[in-house]
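This report concerns only the one structure given below.
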Amino acid sequence: MKLGIIGLSRCGKSTVFEALTHNILLESHKAKNRIGTIHVPDKRLDVLSDMYKPPKTIYARVEYFLPDVLRQTKDQKIWTQVRDCDALIHVVRNFGGYGFEEPTPYQDFQAIDQELILTDLVVVEKKLAHMGLEKQRGKKTDPEELLLLNRCVEALEKEIPLRKFPDLASAHLLKGFAFLSAKPMLVLFNNEDDDDDIPDITDLTTQENCMVIRGKLEQELAQMSAEEAEEFLTEFNITASAMDRVIQRSYELLGLISFFTLGKDEVKAWTVKRKTPAIDAAGVIHTDMEKGFIRAEVVSHDDLISAGSYPEARKLGNVRLEGKTYEVQDGDIIEFRFNV
């Protein structure tokens, strides 16, 4: 999972990136693209690791991407740097202070969102113009693709982002365009140190996925030892770190779940979309498992822990065999049977 961090200048993108990734740099080194890869905390995997004590415990990973200052053309920013991201984290300034004007979070959000919409509209119009030329030359065009693109134009001209139309955002024929306004978005209000409240902006908070981060505070937390961090969390009434909270919301935003595999050498977490069939989940591990899929042996994490061991869970009838159309559930422990 790759998440791109965007926002207006001086909204605190670098601060948020460092709070999330614990990747702290000197100010003079912050002008380049930055990538931070972190392990997804999962207590269920910790429990499995304690139970089986494998040589390796492999967590799911999240990659945060902070682009450098977006390059300028005549009148439009180039957003190619975040096109390959699975989702966007839109950091919105909600703090003041010396050298800053009063925050205007709704207007700031709109400014970036309109750029995403305009960029997508330019892409669609160019594609439609090209398809028009192809038609004049006697070449056939895909009528379904044409219909989808015209629907995109209709939405974008009304200044509505494509993420508001799930069928367009997920359309296979449009996947190659990597539309920016179609990407799932988490709006992250960057608040003052003493402000943990979400802004009272109904037009925004009821329409988008929103949450609050006290960026500067959480950046300081990212530089502390475990003991210091625990005291800090208590003092400022922070129930979980920014990293944990944003990962959780990101998973929800993208409709992701985790399943686990157990082996002599490792226990490992795997990330898939909710409602993923067992045969596709097998393919996430290895294409041979997908090609030669026979059955999936499944037990839920809770049932295994309750039973105390895999053999005991089997005796209790909690281990079951599922076919290729079985929809993997969050927390499933799966052993795939296959033959190639």
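The values are calculated or read from the model by the stated rules, or taken from the named source; none is laboratory data. Quick caveat: nothing in here was measured; it's all calculated off a predicted structure. With ideal geometry, Cβ positions are generated from the backbone for all residues, glycine too; neighbour counts draw on all protein chains shown.
I need the full set of residues from the range 133-177 which are loosely packed, with under 13 Cβ neighbours inside 10 Å, closer than 12 Å to ILE117 by Cβ and in contact with a helix residue (DSSP H, G or I) (Cβ under 9 Å, 6 or more places away or on another chain), in order please.
GLU157
Can you report the number of residues in the range 308-326 which are under 27 Å from the mean Cα position of the chain (by Cα) and surrounded by 13 or more Cβ atoms within 10 Å (Cβ to Cβ)?
2
Quick one: how many residues across the range 298-320 are assigned to a helix (DSSP H, G or I) and closer than 24 Å to ASN339 by Cβ?
2
Could you list all residues from the range 155-195 that are of a type in the set (D, E, K, R) and assigned to a loop (DSSP other than H, G, I, E, B)?
LYS158, GLU159, LYS183, GLU192, ASP193, ASP194, ASP195
Which of (1) closer than 20 Å to ASP330 by Cβ; (2) out of contact with any strand residue (DSSP E or B) (no Cβ under 9 Å at 6 or more places or on another chain) is the odd one out, the single condition ARG245 does not satisfy?
ARG245 satisfies all of (1) closer than 20 Å to ASP330 by Cβ; (2) out of contact with any strand residue (DSSP E or B) (no Cβ under 9 Å at 6 or more places or on another chain) except (2).
Give the range 246-281 a look and list any residue that's basic (Lys, Arg), in a strand (DSSP E or B) and touching a residue at least 24 places away in the same chain (Cβ under 8 Å), or say none.
The answer is LYS268, and nothing else.
Of all residues in the range 201-214, which are farther than 15 Å from THR239 by Cα and either in a loop (DSSP other than H, G, I, E, B) or touching a Gly at 6+ places or on another chain (Cβ under 8 Å) (or both)?
The answer is ILE201, THR206, GLN207, GLU208.
Would you be able to say whether some residue in the range 269-279 is more than 20 Å from the chain's Cα centre (by Cα), farther than 28 Å from PRO166 by Cα and β-branched (Val, Ile, Thr)?
no
Consider only pairs whose beta carbons are under 7 Å apart and that are at least six residues apart or on different chains; among these, list those whose first residue lies in the range 231-245 and is part of a loop (DSSP other than H, G, I, E, B) and whose second residue is of a type outside the set (Val, Ile, Thr) and modelled with pLDDT of 80 or more.
That search, which allows pairs on different chains as well, returns PHE236/LEU217; SER241/GLU218; SER241/LEU221.
Restricting attention to the range 54-65, does a residue exist that is surrounded by fewer than 13 Cβ atoms within 10 Å (Cβ to Cβ), out of contact with any helix residue (DSSP H, G or I) (no Cβ under 8 Å at 6 or more places or on another chain) and modelled with pLDDT of 90 or more?
Yes.
Have a look at VAL272, VAL298, VAL267 and point out the one that is farther than 21 Å from TYR52 by Cα, in contact with a Leu (Cβ under 8 Å, 6 or more places away or on another chain) and buried (at least 17 other Cβ atoms within 10 Å of the Cβ).
Checking each option against the conditions leaves just VAL272.
How many residues are small (Gly, Ala, Ser) and at pLDDT below 65 when one looks only at the range 18-32?
2
Suppose the filter is buried (at least 18 other Cβ atoms within 10 Å of the Cβ), touching a strand residue (DSSP E or B) at 6+ places or on another chain (Cβ under 8 Å) and either part of a helix (DSSP H, G or I) or not aliphatic (A, V, I, L, M) (or both); does VAL284 pass it?
Criteria not met by VAL284.
Assess whether ILE198 counts as being part of a strand (DSSP E or B) and surrounded by fewer than 18 Cβ atoms within 10 Å (Cβ to Cβ).
no
As an exercise: evaluate ARG295 against (1) under 19 Å from GLU266 (Cα atoms); (2) in a strand (DSSP E or B) and give the number of the one condition it does not meet.
Result: ARG295 fails condition (1) only.
So, in the range 178-187, of the ones that are crowded, with 20+ Cβ neighbours inside 10 Å and in contact with a strand residue (DSSP E or B) (Cβ under 9 Å, 6 or more places away or on another chain), which residue ends up nearest to VAL82 (Cα to Cα)?
The qualifying residue nearest to VAL82 (Cα to Cα) is LEU180.
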